[in-house]
1. Hey, rough spin-label estimate for residue 29 and residue 137, points 7 angstrom out along Cα→Cβ, what's it come to in nanometres?
2. If you look for lysine pairs in segment 101-188 that are eight or more places apart or on different chains, how many of them have Cα atoms under 23 Å apart?
3. From the backbone phi of segment 32-42, what are the Karplus-calculated ³J(HN,Hα) couplings (6.51 cos²θ - 1.76 cosθ + 1.60, θ = phi - 60°) in whole Hz, Gly and Pro given as x?
4. From Cα pairs below 8 angstrom and at least 6 apart in sequence, can you work out the relative contact order of the chain, rounded to a whole percent?
5. On C-alpha positions alone, give me the angle between the axis of helix 68-82 and the longest principal axis of the chain, in degrees, nearest 10.
6. Using the count of nearby Cβ atoms within 10 Å as a rough guide to exposure, how do 132, 32 rank from fewest to most?
7. Quickly work out the residue 53-to-residue 108 label distance, labels modelled 7 Å from Cα along the C-beta direction, and quote it in nm with one decimal.
8. Using only Cα atoms and rounding to the nearest 10 degrees, what angle (0 to 90) does helix 18-29 make with the longest principal axis of the chain?
Amino acid sequence: MELGLKGKCALITGGSHGLGCSTAVALAREGCNVAICARGQRRIDETLAELDAYGVETLGVAADVVKPEDVAKVVDTVLSAWGTVHILVNNVGGGGRWGTPVIEETAEEVWLEVYAKNALAAVRFTTAILPCMRKQKWGRVVTVSSRLGREGGGRPWFAMAKTAQTAMMKSLAMTPYLARDGITCNSVAPGSIMIPDTGWEREALENPEAFQQMLEKDFPLGRLGTPEEVADVIVFLCSERASLVNGASVLVDGGESRAF
């Protein structure tokens, strides 16, 4: 299937690891020029080296997206180099394991930090990029939320932030002047994904027998998802072929969630 992405310019936040890195690779494979931002320069350099194999233009910017000035730095760097952004993937996020199981013992700062890292970062990048998308009459905004942005469960500060992301994409999609300028806004809602150096990997290594029992009990596929499986869905939503998909929250969870 021809996705019509060759020559498009994409910006992926948190693009040096996990879902973001896999999305960067998948878009580069389709011929997109790819810019990524992340906090660590080492991982940025490793990802850019991997993207070089696809013969596209690449950029990497070290930034802490919780800081508004760093968001502005990323956007300014990309626009100075390429003049526009066709595709924005709001991938940076996290905090699902922050705090403690005792809600009232979790500091207010945890709620604020998780909201800033997920929802506010997506707000800042999206509002900064929308003007150039409107000018060129084409754009794709995809925000990586979570199955917990569609149903109850998990740490409440994380579910709240992810629900906010989902609501933002739906509301933007229903804004006529954006839709009629050829801009679509969607979210993907991954389930549990096995990513190196994350909590799931630690659990699997610390108690493999209990981890396998959990997979058999709670996961219809008997396994966690992979970053590449989520990235493939993101790439489709970014494509010309997905022009009628607007305001969707697409579950990518192998049947894990209880939401319809």
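Only the coordinates and a few stated rules stand behind these numbers; no lab work does. Model, not experiment: these values are computed from the prediction. Glycine gets a Cβ as well: all are built from the backbone with ideal geometry, and neighbour counts include every protein chain shown.
1. Distance between the two pseudo-spin positions: 3.3 nm.
2. Within segment 101-188, the lysine pair count is 5.
3. Taking θ as phi minus 60°, the curve returns 6, 6, 10, 10, 10, 10, 6, 6, x, 5, 4 Hz for segment 32-42.
4. 19
5. 40
6. Exposure proxy ranking, most exposed first: 132, 32.
7. 4.9
8. So the helix axis and the longest Cα principal axis differ by about 30 degrees.
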